[in-house]
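Encoded as structure tokens, the structure appears first; notes follow it.
What follows is calculated from the coordinates using simple rules that are stated; it is not laboratory data. These figures come from a predicted structure and were not determined experimentally. Every residue, glycine among them, receives a Cβ derived from its backbone with ideal geometry; neighbour counts consider all protein chains shown.
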Amino acid sequence: MFGFRARPGAPPPSRSGAPPGDGPADLRVDGLQVRYGRAVTALDDVSLTVPAGGVVALLGSNGAGKTTLLRAVSGTLRLYRGGVTAGTVTYGDRSLDGTDPVAAVRAGVVQVPEGRRVFGGMTVDENLRAGGLGRVRRDADGGNAAARERVYGLFPRLAERTGQRAGLLSGGEQQMLAIGRALMAWPRLLLLDEPSLGLAPLMVERIAEVVREIHAQGTSVLLVEQNAAMALALADHAYVLEVGRVGLSGPAEELSRSDEVGRLYLGEGVRAG
Amino acid sequence: MNQVLDILINGLALGSVYALVALGFVIIFKASGVMNFAQGSMLLFGGYLTAVLHEHIGFLAALAVGVLATAVLAGAVDRLLLRGLDPSQHHILTILTIGVDILIVTELARRIGGDLLSLGDPWGNEVVALGGVTVPVSRIACIVVSVLVIGAVFAAFRYSSWGLSLRAAAEDREAAALMGIPLSRIRTLAWCLAGALAALAALFLTAFPAPGLERTTGQIALKAFPAAILGGMTSPPGALVGSLLIGVTEALAAGYQSELSGFGRGLGDVAPYLVMITVLLIRPHGLLGTKEAVRV
């Protein structure tokens, strides 16, 4: 609009941590229905938007469909014999059909799986290299070296353990590695599935800081969490999934004051029995 | 002393041929969780092509065609037969490879009949004297080429993007998919490589002092199979160690046959299985295997 003059307030483009190339785009999930096999409908008519540069939290109890939504975006439904039966998922101008993880990563959407899932038999460095394998322009943007520098900048502790087997790291370090591995693909939108799961409170705080930092570097974040306090503190906007549907949604601040979400924190009324 | 050296060289040559085939087993198993029982027919296919073609286009070109065509055949088996099926059903896919093996072997056996085909290798029946023993040149070529090829495969495993992708996919398919690693392409490449290795093994298996390619040559895979298993099935170095162990044991059993006659004749043929069973009794996951490897 203003030619090449930098807009005030926009993040400086040449900052070392910023993802190069295209900036983030909007993720739009519209009327999404996902089924596993023929019988199980895991999501029904779910709509959700992660605006470019935003942090959105997705809350809900076990079995509400949070992970299924992430699978639909990252394209791993087929590994679970699931598929999109209605609705659409688009990132920017690209349509994601839920069955092609390669396309999702190429579009700039990268998921950190629940439970970390680092490659335990490989070294920290090899894990990071593996994270860069799906990147579109592998040698552009400074390639692996620049991405690795960014990851080690965020997680100095990983830099001290490059040659160590990932399986021997602590839980927190593994979560750092899982996030770092995803960052190696220069995501424009990072999907985080329960990053605080099973971590000590101090480490949860550390992970929250890192998510904030990644966001400040220009990456949008969709954060799935059961730790609603952490998620709502980080997010601008939040959705609550209830048995496959969006129950509540709104600005994170508003939701964190609402009674229903309060009950969700405490686990009352949501889980039957 | 000379006899020991002679037997050792024989055993190493034999072991390195087993290693080529066993590596193929391991690579395919890592990439797709499938035991490829069609490996023997791949070997026979590559050998047959080389044997038929070498008089027309020369040895090296025939070998290249044989190796490439076998790689394509193996890749086609993966793409055309296995791809549409549920990749998590390893048992079904494994049984399917037995069917593929029978089909290919039957057709090739019909063509070969009772013939003994030469692959036209340039070493013929030349021998060299080496430290007091005479060694066929073909055996030396076998060891040298196998060392180079296996070294290249190991390097590819460790350093190349393909190798990294394969190891990542073998550890955690979903996590690898989330990295944007194209799993099905990695898998097809693994099949191709295993096919190429099998075709190369056919050459050394049929060179002097072996009589040549016959319709039963593919059964060698049945000896590389215990080698891969005792190595741990998911470990390429394990497959190499297992192959050498079995090759040397077989050569020893054959070389000292007269001393071992108490066990009856043909102990060399049984030796691979005896070694495998002994190793598995002591180390159930194989020499260098991991626990998940015993799922088939």
Next item on the list: Over chain B, calculate the relative contact order: mean separation of alpha carbon pairs under 8 Å at least 6 apart, over the residue count, as a percent.
Entry: 34 percent
Note to self: How big is the dipole moment of region B:199-296 about its Cα centre under a simple scheme where the beta carbon of each Lys and Arg is +1, that of each Asp and Glu is -1, and everything else is neutral? Debye, nearest 20, please.
What the structure shows: 240 debye
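Please give the average number of partner chain Cβ atoms lying within 10 Å of the Cβ of each residue in A:116-129, rounded to a whole number. The partial results should precede the final answer.
Working: counts 1, 6, 3, 10, 3, 7, 4, 0, 0, 0, 4, 5, 0, 4.
Averaged over the peptide's residues, the number is 3.
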Check: Classify chain A: rounded, prolate or oblate, from the alpha-carbon gyration tensor (a ≥ b ≥ c, eigenvalue square roots; a/c under 1.5 rounded; otherwise prolate if a/b is larger than b/c)?
Finding: rounded
Next item on the list: Report, to the nearest 10°, how far helix B:137-159 tilts away from the longest principal axis of the Cα atoms in chain B, using its own Cα long axis and a range of 0 to 90°.
Entry: 20 degrees
Next item on the list: With unit charges on the beta carbon (Lys/Arg positive, Asp/Glu negative), name the residue among A:LEU158, A:MET122, A:LEU168 whose Cα is farthest towards the positive pole of the charge dipole of region A:118-186.
Entry: A:MET122
Note to self: If you fit an axis through the alpha-carbon atoms of helix A:143-154 and take the longest principal axis of the Cα set of chain A, what angle between them do you get, 0 to 90°, nearest 10?
What the structure shows: 70 degrees
Margin query: Suppose the chain between B:ILE277 and B:LEU8 were pulled fully straight at 0.36 nm per residue; how much longer would it get relative to their current alpha carbon spacing?
Written below: 94.6 nm
Notebook entry, point to check: Highest mean first, what order results for A:108-121, B:226-239 on Cβ atoms within 10 Å?
Noted result: B:226-239, A:108-121
Checklist line | Only Lys, Arg (+1) and Asp, Glu (-1) charged, at Cβ; chain B dipole about Cα centre in debye | finding: 620 debye
Next item on the list: Quote the relative contact order of region B:51-168 in percent (integer), defining contacts as alpha-carbon pairs under 8 Å separated by 6+ residues.
Entry: 20 percent
Check: For the Cα atoms of chain B, what angle does the longest principal axis make with the long axis of helix B:59-76, in degrees from 0 to 90, nearest 10?
Finding: 30 degrees
Note to self: Taking a ≥ b ≥ c as the square roots of the Cα gyration tensor eigenvalues, with a/c under 1.5 meaning rounded and otherwise prolate when a/b beats b/c, else oblate, which class fits region B:104-203?
What the structure shows: oblate
Next item on the list: Rounded to the nearest Å, what's the spacing between the alpha carbon centres of region A:244-262 and region B:142-206? Just the number, please.
Entry: 50 Å
Next item on the list: Would you mind counting up the charge near B:VAL275? Only other residues with Cβ under 11 Å from its Cβ, with Lys and Arg at +1 and Asp and Glu at -1.
Entry: 0
Notebook entry, point to check: Counting Lys and Arg as +1 and Asp and Glu as -1, each charge on the Cβ, what is the dipole of the protein assembly as shown about the Cα centre in debye, to the nearest 20?
Noted result: 260 debye
Item checked: Positive dipole terminus of the protein assembly as shown, leading residue within B:GLY99, B:GLY232, A:THR67 (C-beta point charges) -> A:THR67
Notebook entry, point to check: Counting alpha carbon pairs within less than 8 Å and at least 6 residues apart, what relative contact order, in whole percent, applies to region A:118-186?
Noted result: 56 percent
Next item on the list: Give, as a single signed number, the net charge of other residues whose beta carbon lies under 10 Å from the beta carbon of B:SER41, with Lys and Arg counted +1 and Asp and Glu -1.
Entry: -2
Note to self: Can you give the local net charge around A:ARG71? Use residues other than it whose beta-carbon is closer than 14 angstrom to its beta-carbon, Lys and Arg +1, Asp and Glu -1.
What the structure shows: 0
